[in-house]
Structures are given as C-alpha cells and as structure tokens.
Amino acid sequence: MSNTEHHVSLLKKLAEDRHIVTDVSDLGVPEMRHFGSADTGIAPVWFDRRTGIMSEDGKRAAYRAITIRGELHWVVFTEGRTRAQSCRTHCPYIALNAVRQVSPEKTDGRREWAA
C-alpha cells in the first residue's frame, strides 16, 4: 500500500467513526477540507473538523482524531497553545476535562522554570 493509499484509508476510518454518517458506503474518498493534521508532540494525527466539541469556557475544542497507526483518539486544541493534546478516550468531554485539569499545572511549572 502506498503512503497516499494509507492516508486515505486512515481518513476513511476516521470518517466512518462519525456518528452523523448514515451510509458509510457513500463516503468514497473523504473530502480533505473536512480534515486537518496536528502535532501532538508525541505523534502526528489527522483530525475531523466536523466532530468539534467546544469547552464551556470556549478556550478548548476537542476533535476526533486518528494516528498514523490507525488508533482513534480525541485531540484537544487549547487557545494560546501551538500543540494539540491527544487523549485516548471515547468521550470528547472526558478529553476536554482531562486537558483542563492538566493545563494549569503545566503552565505554572513552566513559569517556575523560566524564572
């Protein structure tokens, strides 16, 4: 399988995971405008822009994502950060909450080291 075929198969798997898709056979080759790539610091992922869930405070957004190995995750983008954070969970709200709880500690730790 070529690299392009592999990426298309990953995007199809990610699109099939959407709960709003009713007939997977109609997907064909997924439209690239619905997908983005992100660096999580651990591994690059593809994410599905149609699955976005915003946090209550509007500072974070979770999207369904897939790794190069084909593992499904939720990737969370936080306002003011360059890298997304990946969470291995089935629920976007658990992913948003996990990132919310971790983010202040990391930020405070970085401030201490920078001082």
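Inside segment 26-66, residues that are without any contact (Cβ under 8 Å) to a residue 40 or more places away in the chain and closer than 19 Å to K12 by Cβ make up a count of 19.
Taking the listed residues A15, A95, the one that is assigned to a helix (DSSP H, G or I), at pLDDT 85 or above, in contact with a His (Cβ under 9 Å, 6 or more places away or on another chain) and among the hydrophobic types (A, V, I, L, M, F, W, C) is A95, with no other qualifying.
The single residue among R88, R64, R81, R111 that is among the charged types (D, E, K, R) and either modelled with pLDDT of 90 or more or touching a Cys at 6+ places or on another chain (Cβ under 8 Å) (or both) turns out to be R64.
The values are calculated or read from the model by the stated rules, or taken from the named source; none is laboratory data. Just so it is clear, the model here is predicted, and its values are computed rather than measured. We place every Cβ from the backbone using ideal geometry, glycine too, and count neighbours over all the protein chains shown.
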